[in-house]
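Accompanying notes for the structure given below.
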Amino acid sequence: MLAAGCLDLGESRPQELWRKAEALRDELVRWHMVGHLQRNKVRRTLPMISWLHSGDSERLVTAVAETAQQSPTKLPVLLEVNVSGDYSVRFPSLTDEGLSDRYGNGQPSLVYQGSIEAIEGARSEPVLVGRTDQHEAVGELHQDLDEITTARELLKKIQVSCKRNSETASP
């Protein structure tokens, strides 16, 4: 990947990121933490990353902010937020058994998958591969996508492309 000019690399597990960052410490890699980050791993992980893609709780974001204040470098953090409150017959606020929506957002989380070839100009269109249930703990992926409508239409408009960074392009 590095030989192809890809300097932005992602990892979903902090321990793997630590290991890989150490192995590639002499390279100009910009690491992206794309998976869940536990608060007890923030202090060790933050100095290694250029982006945090998984600001998924107030407690985590607070821990990141407190740790980042000790560094002169700014860290971009992508937050996971859903405030739609968009309940429907298919996605009700309460189940027939009386279970409430765990996160109060009215919708399941949608899981998209895609890949990008490390070739300049290559394009990729993500694919909707599953959803969570707002009444269950996150982690269970459901394949039933029949009632997912708006997100499926929005997905058709998303394209990801690969562009070589002019700063790292060889003459």
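Please treat every number below as a calculation from the coordinates, not as lab data. No experiment lies behind these values; they were computed from the predicted model shown. Positions of Cβ are backbone-derived with ideal geometry, glycine not excepted, and every protein chain shown enters the neighbour counts.
Here are a few things to note about the model shown:
- Checking each residue in the stretch 20-70 for being of a type outside the set (A, V, I, L, M, F, W, C), without any contact (Cβ under 8 Å) to a residue 40 or more places away in the chain and touching a strand residue (DSSP E or B) at 6+ places or on another chain (Cβ under 7 Å) picks out 20, 30, 32, 35, 36, 45, 54, 55.
- When the stretch 50-68 is filtered for residues that are hydroxyl-bearing (Ser, Thr, Tyr) and buried (at least 18 other Cβ atoms within 10 Å of the Cβ), only 54 remains.
- The number of residues in the stretch 24-49 that are in contact with a Pro (Cβ under 9 Å, 6 or more places away or on another chain), crowded, with 17+ Cβ neighbours inside 10 Å and not aliphatic (A, V, I, L, M) comes to 2.
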